[in-house]
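Report on the following structure.
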Amino acid sequence: MLYTSILCSFENFDYAEVPPIRHRHKIPLSTSRLTDPPNPSLMKILVVDDSSTTRSRIRKELLASGHEVVEAASGDEALEKIPELEPELITLDVDMPGLDGYETCYRIRNGGVPKAFSELPIIFITANDTIQSRQKGYQAGGNEYMSKPFLPGELSMAIERAQKAHDGIRGHTVLVVDDSSSIRSLLTIGLRAKGLNVIGASNGKAAIEALKKEADKIDLVITDYLMPEMDGDELCHKIRNELGYRDLPIIFLSSLGEKDHILKMFRAGASDFIVKPFSLDEVQARAAVHINSKILGDQLRSNVSELKRAHTMKDKFLSICSHDLRAPLAGIQGFADLMLFDEELSEENLEYLQHIKSSADFLNSIIGDLLELGRVQSDGSSLELKPVQLASQIESCISNLQHMASPKKIRLTLDTAGETDQRLTVAGDKNALKRIFNNLISNSIKFSHPGSEVGVKFTRNDSTKKLHVSVIDAGIGIPEDKIDGLFDPSARTSQVGTSGEQSFGLGMVIVKQLIDQHRAEVSVKSKKDVGTTVTVSFPC
């Protein structure tokens, strides 16, 4: 019978001399293995067992999983071969003549092999799986424990668990809080077997002091629920509220499994709880889950901080564009305008001056687009959406853009499909809506042929509760391979207008940002040399 529950009544078990497991170092591989393609899931495994039949069975399963297998028939042979074979994990039989598995493991951990190999993951395999044997195995420094006979696939799963624990959580620190010295020692053995550092505290007050001193190092707290002086509830409240560690995982240990007590633990701020008598394997598994979760959370917070720093740098760059570039550029534009009035300019110099003026105007529009994009990205979340009569906003855009359409003799039209103002109302920001349609209509003008028409058409779909606004032109169209990148700032989709108008390609990126902030959608249909239709669909 397999006993996996470790009862918390072993008060007389002596754990005082348990040596801590030191930080493990990367195991050096042989030169030949360094040339192989890296695969973190495949390992070189040393199988140590006095039974050739058992070694053969283990070899067969491991080879089927793609691992490399080497063997030793005794503990002495294993200690001798480890430096030469350079394994990355060891499976170790417990009952062997000469050095048994426990003594072999202890010697590996304590100077019996070169230091580089002293902290290899070790999996005990035994037919005598009891509470006491597991305690002895963890005390010797083992990482996993398996019972013979094992089912196909069990060993591979144990190796994967040992490898993940070895690579993922080792070196992190757990604060164990319990007024029972034997339970603290038991948990220390099990957690150190997974490569974790352990700090012990006999009560809540001692735990608070430890957190104040070692806060940056502690990644998990495991605490008893019922303790003298300060119980687990009070400790958890202080950790969350007084010390302010909102994201530090806290696991409660308690013999009280009733629903009311469990709810009380979680209200106090618990991340998880384990009912006594507990399984040491369960504690190890729960600890690994919560530490890995904290690692990911810490990485996420670090990434967010880095993004904020990059965002601040971007804002500084945009500020430079606004103040340090626009001022001298305005001087170039102003002097170019003045010189264009000089009637004595030769035709050649007049052409050069017009190029200067055109380039300065284009550079100014690029700066304007960059500033507008930065402003939209920074302030977008603060848009206050209110009912807006959309047709009147677009009429204003058409009126403002007549100066751009007139030189090309382009006619601008608006078709509201006979709908009332109320049915053409959307939730939006007036200024942002004007920016959207100013951009879309000016783009259509830019890429339309002289003498053509640019139209804005409303279509309301009551079944889908959408209001569609389409900007339609019969211009040069957009190449099919550029449509998907139209709203991507990293894709260069700019084209030259029909009258040589230049574009940097950020206008549609700004449009997409503003449309998203209105919870609307945008679609583009275009055919080269036929025309383009851009449709914005608003919720009614």
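The values are calculated or read from the model by the stated rules, or taken from the named source; none is laboratory data. All figures in this text were calculated on a predicted structure; none of them were measured in a lab. Positions of Cβ are backbone-derived with ideal geometry, glycine not excepted, and every protein chain shown enters the neighbour counts.
Side notes on the structure shown:
- Residue in the stretch 234-245 that is in a loop (DSSP other than H, G, I, E, B) and either in contact with a helix residue (DSSP H, G or I) (Cβ under 8 Å, 6 or more places away or on another chain) or surrounded by 21 or more Cβ atoms within 10 Å (Cβ to Cβ) (or both) present: yes
- Residue match in the stretch 162-169 (condition: at pLDDT 85 or above, surrounded by fewer than 22 Cβ atoms within 10 Å (Cβ to Cβ) and among the polar types (S, T, N, Q)): no
- The set of residues from the stretch 131-154 being over 37 Å from the mean Cα position of the chain (by Cα), of a type in the set (A, V, I, L, M, F, W, C) and over 16 Å from residue 110 (Cα atoms) comprises 131, 150.
- Candidate set: the stretch 128-148, residues that are touching a Ser or Thr at 6+ places or on another chain (Cβ under 9 Å) and part of a helix (DSSP H, G or I); chosen: the one surrounded by the fewest Cβ atoms within 10 Å (Cβ to Cβ): 131
- Annotation note: Cβ proximity below 6 Å between a residue of the stretch 385-400 that is over 9 Å from residue 430 (Cα atoms) and a residue that is aliphatic (A, V, I, L, M) (sequence gap 6+ or interchain) occurs for 391/424; 394/456; 397/441; 398/412.
- Qualifying residues in the stretch 501-534 (those that are modelled with pLDDT of 85 or more and of a type in the set (Gly, Ala, Ser)) - the one farthest from the chain's Cα centre (by Cα): 531
- Hey, residue 318 of a type in the set (A, V, I, L, M), within 30 Å of residue 135 (Cβ to Cβ) and either touching a Cys at 6+ places or on another chain (Cβ under 9 Å) or modelled with pLDDT under 80 (or both) or not: no
- A count restricted to the stretch 181-197 and to residues that are among the small types (Gly, Ala, Ser) and within 35 Å of the chain's Cα centre (by Cα) stands at 3.
- Any hit, the stretch 353-365, residues being surrounded by fewer than 12 Cβ atoms within 10 Å (Cβ to Cβ) and within 30 Å of residue 161 (Cβ to Cβ): no
- Qualifying residue in the stretch 294-307 (condition: under 30 Å from residue 189 (Cβ atoms), at pLDDT 75 or above, of a type in the set (A, V, I, L, M, F, W, C) and surrounded by fewer than 13 Cβ atoms within 10 Å (Cβ to Cβ)): yes
- Every test in (1) of a type in the set (A, V, I, L, M); (2) touching a strand residue (DSSP E or B) at 6+ places or on another chain (Cβ under 7 Å); (3) assigned to a loop (DSSP other than H, G, I, E, B) is passed by residue 274 save one, and that test is (3).
- Test: residue in the stretch 107-114 that is buried (at least 21 other Cβ atoms within 10 Å of the Cβ) and either in contact with a Lys or Arg (Cβ under 9 Å, 6 or more places away or on another chain) or more than 19 Å from residue 57 (Cβ to Cβ) (or both): yes
- Considering the conditions (1) in a helix (DSSP H, G or I); (2) modelled with pLDDT of 90 or more, residue 50 is excluded by exactly one of them, (1).
- From the options 446, 457, residue that is under 19 Å from residue 390 (Cα atoms), of a type in the set (Lys, Arg) and more than 36 Å from the chain's Cα centre (by Cα): 457
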